[in-house]
1. Take peptides 133-146, 45-58 and line them up by average Cβ neighbours within 10 Å, highest first, as a rough protection proxy.
2. For Ser121 and Glu42 in the same chain, what is the full-extension length gain: residue separation times 0.36 nm, less their Cα-Cα distance, in nm?
3. Any idea what the relative contact order of the stretch 1-109 is, in percent, if you count C-alpha pairs under 8 Å spaced at least 6 apart?
4. For Asp9 and His141, FRET efficiency with R0 = 35 Å and r from the beta-carbon atoms, rounded to 0.05?
5. 222 nm [θ] for the chain, helices only, -39500 (n - 2.57) per DSSP H run of 4+, per residue, to 500?
6. Can you tell me, using C-alpha contacts under 8 Å and at least 6 residues apart, the relative contact order of the chain as a whole percent?
7. What shape does the stretch 105-186 take by its C-alpha gyration tensor, where a ≥ b ≥ c are the square roots of the eigenvalues and a/c under 1.5 counts as rounded, a/b above b/c as prolate, and the rest as oblate?
8. How would you order 82-93, 11-22 from highest to lowest mean count of nearby Cβ atoms within 10 Å?
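Only the coordinates and a few stated rules stand behind these numbers; no lab work does. Please read all numbers here as calculations on a predicted model, not as lab measurements. We place every Cβ from the backbone using ideal geometry, glycine too, and count neighbours over all the protein chains shown.
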Amino acid sequence: MTRCASIDDIVDLFDRFGDEFYGEKVSQRDHALQCAALAVHEGSGPELVAAALLHDVGHLLELADETNYVESIERDRHHQIEGARWLSSLFSPAVTDPIEHHVTAKRWRCTVEDGYTDRLSEASQISLALQGGRLSLRERHVFEASTSFGASLSLRSFDDAGKVSGLSIPPFSSYRTLLESLAVPH
Ligand SMILES: [Fe+2]
Ligand SMILES: [Fe+2]
């Protein structure tokens, strides 16, 4: 599936692969739901809530790609780009840009914030090296000038915090109406 055609495609992906873990203490589904709940709690707009919910959909696409699946711990498959690309047929850049840049936001924080790298989860520290590590000065300036800079950093903070084992949070279905309101007709 090269493009997401409907909200049902997203629901199907989470139904099939949402229980999978990815080196963190929570499942893909719980991580997505915790990030979305944090976005709501912080008073984020609907686009950022959707981005938080769907930011790691690229990992689910990796799992769906049975013919070519390699553990992300061995090779970076750019899940942020694959996810954003897959969703771009259904959502505007206000949703997909923070998704595309959530790894850059992590690399940016590692570059500019003392101690941030040390506070990352173990899995996130391992993937950091595969994702390119710290940003170069040029990469940093390009990211800081991008329109999604602020939203990407917000998403990154939800991403870091949304890894709590055993938390009770609203289900995926509670975001259905929000996703439908953002879907671009085609
Ligand atoms: Fe991610
Ligand atoms: Fe994530």
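1. Listed from highest to lowest mean packing, they are 45-58, 133-146.
2. So the extension gain works out to 26.3 nm.
3. 29
4. Values: r = 36 Å, r/R0 = 1.03.
Rounded to the nearest 0.05, the efficiency is 0.45.
5. Mean residue ellipticity, 222 nm, calculated: -17000 deg cm²/dmol.
6. Working: 230 pairs, mean separation 57.3, N = 186.
Rounded, it is 31 percent for the chain.
7. Oblate is the answer for the stretch 105-186, as a/c is 1.5 or above yet b/c matches or exceeds a/b.
8. 82-93, 11-22
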